[in-house]
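S.K.: The following block contains the structure, expressed as structure tokens.
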């Protein structure tokens, strides 16, 4: 299981805590039916995005869920105790998602650094293979690889005896 997938599963488990806090959303004094259904739909969205590895999307869905919770509280559609339970569960999910996003970003940065290092090593190997200084190895300079640097095989008549004979 990849780290991202594992984080998704952890976020899903934490999201289940939100769902649990919304369980039993029958109409009652602590939560009206429509609000319960809306909040449960938000929880489902967070869970789905998290499970798919869309951690940023899960975080955005969590933000929307929290906004809906605040609106429900302001309008009196959820009582204070139930709101506190849901906010606590949302905080757990948010912490998990933030951690997963940080891990994902660190993994992406590490992969980018490894790719840059591999490219630098490849460039260094290519440079070493070509002599590093881009000098030509065609042996066309003075002496033509005979050691004396003047193009002759020695003193004299180019036959290597050095006495001119």
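All of the numbers you see were taken from the coordinates with simple rules; none came from a lab. Source: prediction; values computed, not measured. Here the Cβ positions follow ideal geometry from the backbone for every residue, glycine too, while neighbour counts run over all protein chains shown.
S.K.: How high is the FRET efficiency from residue 106 to residue 81, r the C-beta distance, R0 41 Å, rounded to 0.05? Working shown, then result.
M.R.: Numbers: r = 38 Å, r/R0 = 0.94.
Calculated value: 0.60.
S.K.: Along each principal axis of its Cα atoms, how long is region 58-134 end to end? Whole angstroms, biggest number first, please.
M.R.: 78, 16, 12
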